[in-house]
1. Give the residues of the stretch 11-35 that are farther than 22 Å from residue 152 by Cα and modelled with pLDDT of 95 or more, sorted by residue number.
2. All but one of (1) under 17 Å from the mean Cα position of the chain (by Cα); (2) not in a loop (DSSP other than H, G, I, E, B) hold for residue 103; which doesn't?
3. So residue 87 clears everything in (1) touching a residue at least 24 places away in the same chain (Cβ under 8 Å); (2) closer than 22 Å to residue 13 by Cα; (3) surrounded by fewer than 21 Cβ atoms within 10 Å (Cβ to Cβ) except one condition, right? Which one?
4. Which members of the stretch 24-52 meet the condition of being in contact (Cβ under 8 Å) with a residue 60 or more places away in the chain and within 11 Å of residue 10 (Cβ to Cβ)?
5. Hey, among 83, 26, which residue is closer than 27 Å to residue 110 by Cα and touching a helix residue (DSSP H, G or I) at 6+ places or on another chain (Cβ under 9 Å)?
6. Within the stretch 115-124, which residues are over 15 Å from the mean Cα position of the chain (by Cα) and either within 16 Å of residue 73 (Cβ to Cβ) or part of a loop (DSSP other than H, G, I, E, B) (or both)?
7. Can you go through 103, 55, 126 and tell me which one is modelled with pLDDT of 95 or more and buried (at least 19 other Cβ atoms within 10 Å of the Cβ)?
8. Being at pLDDT 95 or above, in contact with a helix residue (DSSP H, G or I) (Cβ under 6 Å, 6 or more places away or on another chain) and buried (at least 17 other Cβ atoms within 10 Å of the Cβ): is that true of residue 40 here?
């Protein structure tokens, strides 16, 4: 691959993965993309226009194309496929590299992956995400230090409501959820985000906002009574 030094890598270039790549490029980031289906890689490249995008034909090409420490996002089906991608990536990664699972993995699986990869000094995050090209709502989960590595990007690419990004949760008063509460709260956030951003939806004005807190000391989640 002739070009290196890309900001992010994306694994999984279906409709959502591909459009998330374009969204990132809309905000000035460079992205290398990989999919085991080469036709998806070709489709990404065909639509890149003037964006700094490169398609990789292997995971090694992908990891070689990225800035160090690397940040790789995955948009692949939850379950064994996620673990298969992680196992294929591990020999290609270095200390302090970061893998971000943007799929709908169960929070308990994500917690196990965080713990397992930490033994190799590789970081892992789970992100609940709804939407892609025109601004998703984003629910990050993981350690605060790891989150801060990508916070600027998540803020930039996210949906906005009243000028505020749907990342640190309009409906949840927290900076980042300990481990992976985000996949529980994603269901609350998605419905609230849809009606907040689209007030023309019938009955949206009558729906109360959900407010949540996570205790930094105990990690317990509290769902608070909505304001009326």
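1. In the first step, residues of the stretch 11-35 are kept if they are farther than 22 Å from residue 152 by Cα; the result is 12-15, 34-35.
12, 13, 34, 35, listed by residue number.
2. Checking residue 103 against (1) under 17 Å from the mean Cα position of the chain (by Cα); (2) not in a loop (DSSP other than H, G, I, E, B), the one that fails is (2).
3. With respect to (1) touching a residue at least 24 places away in the same chain (Cβ under 8 Å); (2) closer than 22 Å to residue 13 by Cα; (3) surrounded by fewer than 21 Cβ atoms within 10 Å (Cβ to Cβ), residue 87 is out only on (1).
4. 24, 29
5. Details: 26 fails: closer than 27 Å to residue 110 by Cα.
Answer to the check: 83.
6. First, the residues of the stretch 115-124 that are over 15 Å from the mean Cα position of the chain (by Cα): 115-122.
Once the filter is applied, which keeps residues that are over 15 Å from the mean Cα position of the chain (by Cα) and either within 16 Å of residue 73 (Cβ to Cβ) or part of a loop (DSSP other than H, G, I, E, B) (or both), the stretch 115-124 yields 117, 119, 120, 121, 122.
7. On the way: 103 fails: modelled with pLDDT of 95 or more; 126 fails: modelled with pLDDT of 95 or more.
Exactly one of 103, 55, 126 is modelled with pLDDT of 95 or more and buried (at least 19 other Cβ atoms within 10 Å of the Cβ), namely 55.
8. On the way: at pLDDT 95 or above: yes; in contact with a helix residue (DSSP H, G or I) (Cβ under 6 Å, 6 or more places away or on another chain): no; buried (at least 17 other Cβ atoms within 10 Å of the Cβ): yes.
Answer is no for this residue.
The values are calculated or read from the model by the stated rules, or taken from the named source; none is laboratory data. Given the structure is predicted, the values throughout are model-derived calculations rather than measurements. FYI the Cβ positions are ideal-geometry reconstructions off the backbone, even for glycines, and counts take in every protein chain you see.
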